[in-house]
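The values are calculated or read from the model by the stated rules, or taken from the named source; none is laboratory data. Quick caveat, the model's predicted, so the values are computed rather than measured. Cβ atoms come from the backbone with ideal geometry, glycine included; neighbour counts cover every protein chain shown.
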Amino acid sequence: MIAPSILSADFARLGEEAEAVSNADWLHVDVMDAHFVPNLTLGLPVVESLRRATDLPLDCHLMIDDPDHWAPRYAEVGAANVTFHVEAAHDPVATARAIRAAGALAGLSVKPGTPLEPYLEILREFDTLLVMTVEPGFGGQSFMPEVLPKVRLARNEVRAGHLRLFVEVDGGIAPETIAAAAEAGADVFVAGSAVYGAEDPGKAIEALRVTARAAMARS
Ligand code: DX5
Ligand code: ZN
């Protein structure tokens, strides 16, 4: 699945920008609070409005402190998937259960420097694992191939039947990097600048999808 990130879109025209990527699978919505990351974006009211402006499932990526309190609210306003950071959460399992109880998929995200092994057990409570392939906070950064072993580990756990979740990658995903992520086992690809920086965002999505499919078939 391809999930364009509206972080790279024109925030004054979000409805039209969502329409421009109607061939996407999810619409990725980066929520930043200027505390967990050094950048500020948008919150619940914007997600609520986006929900009415598009039929695309909203993939909310919360880069915020106190996700235990806030994450279920994003499910309540209609997000399809709500992902929060394990580094910020006090009780990730209770938060995942609250998100699911509010009707959304629950996602857990790890920054590049956060190992996955300590969380393999609790990931049974989640639908999505978001492996950050850049330091969270900004679009347009370079892909970090050194985090791909975490994608491989997660994919192996899924193949072995220990976990059942989407393995999502976020940061620096572009035509030149998506194959490596797909070969490692990712199946959801967030792309901000590679989609919204393209002449034709719809065509950019299709090109990414074709490249990812070919790489998956090879692996
Ligand atoms: C970064 C965000 C990403 C960002 C990706 O903290 O989580 O979703 O939009 O942007 P690109 O694809 O430009 O790296
Ligand atoms: Zn993101």
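Among the conditions (1) surrounded by 19 or more Cβ atoms within 10 Å (Cβ to Cβ); (2) not in a helix (DSSP H, G or I), I99 misses just one, which is (2). Of the residues making up the range 164-186, those that are away from ligand 2 (no atom under 16 Å from the Cβ), within 14 Å of G107 (Cα to Cα) and within 15 Å of the chain's Cα centre (by Cα) number 1.
Please name all residue pairs, on different chains or six or more residues apart, with Cβ atoms under 8 Å, provided the first residue is in the range 123-134 and is free of Cβ contacts under 8 Å to residues at least 40 places away in the same chain and the second residue is acidic (D, E). Matching pairs, first to second residue: L129/E168; M132/D170; V134/D170. The single condition from (1) modelled with pLDDT under 95; (2) assigned to a loop (DSSP other than H, G, I, E, B) that A217 fails is (2).
Among what's in the range 118-158 and is surrounded by 15 or more Cβ atoms within 10 Å (Cβ to Cβ) and among the charged types (D, E, K, R), pick the residue that is farthest from I99 (Cα to Cα). Result: R152.
Hey, could you check the range 63-82 for residues that are touching a residue at least 40 places away in the same chain (Cβ under 8 Å) and among the aliphatic types (A, V, I, L, M) and say which is surrounded by the fewest Cβ atoms within 10 Å (Cβ to Cβ)? That would be A80. Residue selection: F36 satisfies the criterion of being aromatic (F, W, Y) and within 12 Å of ligand 1 (Cβ to nearest atom). Given the criteria buried (at least 19 other Cβ atoms within 10 Å of the Cβ) and outside any strand (DSSP E or B), does A89 qualify? Here the answer is yes, as A89 does meet what is asked.
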